[in-house]
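Enquirer: First the structure, then my questions, so here it is.
The values are calculated or read from the model by the stated rules, or taken from the named source; none is laboratory data. Being a predicted model, the structure only gives us computed values, none of them experimental. Cβ placement follows ideal geometry from the backbone for every residue including glycine, while neighbour counts extend to all protein chains displayed. Side chains are part of the model used for accessible areas, which takes the heavy atoms of the whole protein and leaves out ligands, DNA and RNA. Shrake-Rupley method; radii C 1.70, N 1.55, O 1.52, S 1.80 Å.
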Amino acid sequence: MQFQQLQYFVAVAETRHFTRAAERVHVAQPSLSQQIRALEKELGAELFSRARGNIALTDAGEALLPLARRILADADTARHEVQELAQLQRGRIRLGATPSLCTGLLPDVLRAFHDLHPGIRLLIEEGGSHDLVRELARGALDLALVVLPLPTPSPALTTVELLQEDLVVVSSAAAAAPRRPVRIADLQGQPLVMFRHGYDLRELTVAACRAEGFEPSFTVEGGEMDAVLGFVRAGLGVAVVPRMVATRAGRDLRVTALARPGLRRTIALAHRSDVAPPRAARELQRMLLRTRAASPTDPGPDA
């Protein structure tokens, strides 16, 4: 008994017509009839009654039909399970993230994922949320870590909140800096090292300063995360960065909390609503969503 024979049998049983069944399974009608006769010979019983051109199941056919459907369904399930497993042994994930998340959140998560699935290539694209949303929409990314609210809300994207993260002020360890939490208003007149345009952190910091009634003063602007931290180390000014980035920045930077209510940003995981991410991307998605349990809720003491 062959799977192909069972497939042909089910097609005839459901269409009650040999020609239409042959069209359904994309085979010539004589070949289908031959395989059905071979199956009947092997089982030792006729499966169809062909009286006067009407096709009907015999008692033997009625007994075989649910079994054949189950066997074919199990075979299809097995095929998909093996394919899913193969996707976790090789393949790629195209993940977009803001530069600060590449520095703060992703290294530990990607290392854990790589340890479990070393055959999966991880392709990372850094960019602001606006750029990442555009790349998701055109199918260039499987997943993206973005900052909410999105600059341009899109019904074609599904977003799941991942965590909320505190922002802190970093300054050179050699510079004089208060040990107590600072207010946004305390940044008035302070030299700030500022990110380039399009950076989510830039927009958030500038908006917070304007809400306090002043325009921030920039000594250097236009850098990416590593450049901003380097300029701060050199004593060119202070910067507002995510706490996860600050804790990885090293002892040559002083980290000072912002006084309550402080500044926080919401990180979300996004993917296209109309296309399910590949199996490997869904596995990474599950690992990232586990980080919600570790979402910081307290600004913590100054470092």
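Enquirer: Please go through segment 247-282 and give me each residue that is charged (D, E, K, R) and either open to solvent by 30 Å² or more (accessible area, probe 1.4 Å) or part of a loop (DSSP other than H, G, I, E, B) (or both), ordered by number.
Expert: ARG248, ARG251, ASP252, ARG254, ARG260, ARG264, ARG272, ASP274, ARG279, ARG282
Enquirer: Looking at (1) farther than 26 Å from THR247 by Cβ; (2) modelled with pLDDT of 90 or more; (3) under 14 Å from the mean Cα position of the chain (by Cα); (4) open to solvent by 30 Å² or more (accessible area, probe 1.4 Å), which is the one condition that is false for ALA137?
Expert: (2)
Enquirer: Within segment 85-100, how many residues are open to solvent by 40 Å² or more (accessible area, probe 1.4 Å) and polar (S, T, N, Q)?
Expert: Looking only at that region, the number is 2.
Enquirer: A further question follows. Counting only residues that are open to solvent by less than 90 Å² (accessible area, probe 1.4 Å) and in contact with a Gly (Cβ under 9 Å, 6 or more places away or on another chain), which one in segment 118-128 is farthest from LEU157 (Cα to Cα)?
Expert: Here the residue is GLY119.
Enquirer: Checking the structure you have, find out if any residue of segment 107-119 is modelled with pLDDT under 85 and in a loop (DSSP other than H, G, I, E, B).
Expert: no
Enquirer: The conditions are (1) surrounded by 16 or more Cβ atoms within 10 Å (Cβ to Cβ); (2) among the hydroxyl-bearing types (Ser, Thr, Tyr); (3) farther than 17 Å from PRO242 by Cβ, and THR158 fails exactly one of them. Which is it?
Expert: Checking THR158 against (1) surrounded by 16 or more Cβ atoms within 10 Å (Cβ to Cβ); (2) among the hydroxyl-bearing types (Ser, Thr, Tyr); (3) farther than 17 Å from PRO242 by Cβ, the one that fails is (1).
Enquirer: While we're looking at this one, here's another question. Of (1) polar (S, T, N, Q); (2) touching a residue at least 40 places away in the same chain (Cβ under 8 Å); (3) loosely packed, with under 13 Cβ neighbours inside 10 Å, THR103 satisfies all except one. Which?
Expert: With respect to (1) polar (S, T, N, Q); (2) touching a residue at least 40 places away in the same chain (Cβ under 8 Å); (3) loosely packed, with under 13 Cβ neighbours inside 10 Å, THR103 is out only on (3).
Enquirer: Count, please, the residues in segment 32-54 that happen to be over 14 Å from TYR8 (Cα atoms) and either of a type in the set (A, V, I, L, M) or touching a helix residue (DSSP H, G or I) at 6+ places or on another chain (Cβ under 7 Å) (or both).
Expert: Selection size over segment 32-54: 4.
Enquirer: Continuing with the same structure: Being surrounded by 14 or more Cβ atoms within 10 Å (Cβ to Cβ) and over 23 Å from LEU101 (Cβ atoms): is that true of LEU187 here?
Expert: yes
Enquirer: Inspect segment 195-208 for any residue being open to solvent by 10 Å² or more (accessible area, probe 1.4 Å), part of a loop (DSSP other than H, G, I, E, B) and modelled with pLDDT of 90 or more and give the result as yes or no.
Expert: no
Enquirer: Something else now. For segment 6-46, which positions are under 17 Å from ASP76 (Cα atoms), surrounded by 19 or more Cβ atoms within 10 Å (Cβ to Cβ) and without any contact (Cβ under 8 Å) to a residue 60 or more places away in the chain?
Expert: Across segment 6-46, the qualifying residues are TYR8, PHE9, ALA11.
Enquirer: From the list VAL240, VAL160, VAL146, which residue is more than 29 Å from ALA281 (Cβ to Cβ), in contact with a strand residue (DSSP E or B) (Cβ under 8 Å, 6 or more places away or on another chain) and in contact (Cβ under 8 Å) with a residue 12 or more places away in the chain?
Expert: VAL240
Enquirer: Just the residues that are of a type outside the set (Val, Ile, Thr), farther than 30 Å from THR158 by Cβ and either part of a helix (DSSP H, G or I) or in contact with a helix residue (DSSP H, G or I) (Cβ under 8 Å, 6 or more places away or on another chain) (or both), please, taken from segment 224-246.
Expert: Once the filter is applied, which keeps residues that are of a type outside the set (Val, Ile, Thr), farther than 30 Å from THR158 by Cβ and either part of a helix (DSSP H, G or I) or in contact with a helix residue (DSSP H, G or I) (Cβ under 8 Å, 6 or more places away or on another chain) (or both), segment 224-246 yields ASP226, ALA227, LEU229, GLY230, PHE231, ARG233, GLY237, ALA239, ALA246.
Enquirer: May I pose another question? List every residue pair whose Cβ atoms sit under 9 Å apart, with the two residues 6 or more apart in sequence or on different chains, where the first one lies in segment 63-84 and is exposed (fewer than 11 other Cβ atoms within 10 Å of the Cβ) and the second, anywhere, is in a helix (DSSP H, G or I).
Expert: LEU67/LEU6; GLN83/ARG279
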